[in-house]
1. Which one of these does residue 130 not meet: (1) within 20 Å of residue 48 (Cβ to Cβ); (2) over 17 Å from the mean Cα position of the chain (by Cα); (3) outside any loop (DSSP other than H, G, I, E, B)?
2. Is it the case, given these coordinates, that residue 160 is under 15 Å from residue 130 (Cβ atoms), touching a helix residue (DSSP H, G or I) at 6+ places or on another chain (Cβ under 8 Å) and at pLDDT 90 or above?
3. For segment 1-102, which helices (runs of 4 or more DSSP H) that fit wholly inside it have 2 or more residues that are modelled with pLDDT of 50 or more?
4. Does segment 163-196 hold any residues that are crowded, with 16+ Cβ neighbours inside 10 Å, without any contact (Cβ under 8 Å) to a residue 60 or more places away in the chain and part of a loop (DSSP other than H, G, I, E, B), and which are they?
5. Quick one: count up the residues across segment 135-154 that are free of Cβ contacts under 8 Å to residues at least 40 places away in the same chain and either surrounded by 14 or more Cβ atoms within 10 Å (Cβ to Cβ) or touching a strand residue (DSSP E or B) at 6+ places or on another chain (Cβ under 6 Å) (or both).
């Protein structure tokens, strides 16, 4: 809301123009964005774990809540950024927050890995699928992964690295996590959350 207010004032609008300001806030609510700066691997994983908890909470996840997920499809999160920007570290932090296994391996050589979600978190979701599309040239090469079936599974959480390789088949409703280098040691992580 602060960014919206700042941008609204920059556009030359008067502070008393409340309708315009509230419309700007409404637009932000449709596409909520969170910006974080990470200086270490542990910070990137912590940011990912916060997103995982938020998704589980909003979906009614966790055995204590017994809630129901409002969507009939999988929750899809795309991770976009250059090599070494922190996508895999983020995915490991996200997955690590949802499973009991200590080490989370990347699916680079197998394209996709499935991680059963621990009973502690298994309210709505059953599996996390981590897809690394880096080695794919186009959507046709992804047919063996049966992504359309995964995207329609409401018990699935799907993380996709290098989504631009298969973007035309990714559901329109998805959360985007964008990574960029601020300095050689600092990463900017922008999370654009999906809304219906």
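1. (2)
2. Yes; evaluated as a whole, the condition is true for this residue.
3. Details: elements: 2-10, 18-30, 41-58, 87-96.
Of the helices (runs of 4 or more DSSP H) lying wholly inside segment 1-102, those with at least 2 residues that are modelled with pLDDT of 50 or more span 18-30, 41-58, 87-96.
4. Correct list: 166 only.
5. 6
The values are calculated or read from the model by the stated rules, or taken from the named source; none is laboratory data. Everything numeric in this text was worked out from a predicted model, so none of it was measured. Heads up, the Cβs are rebuilt from the backbone with ideal geometry, glycines too, and the neighbour counts pull from every protein chain shown.
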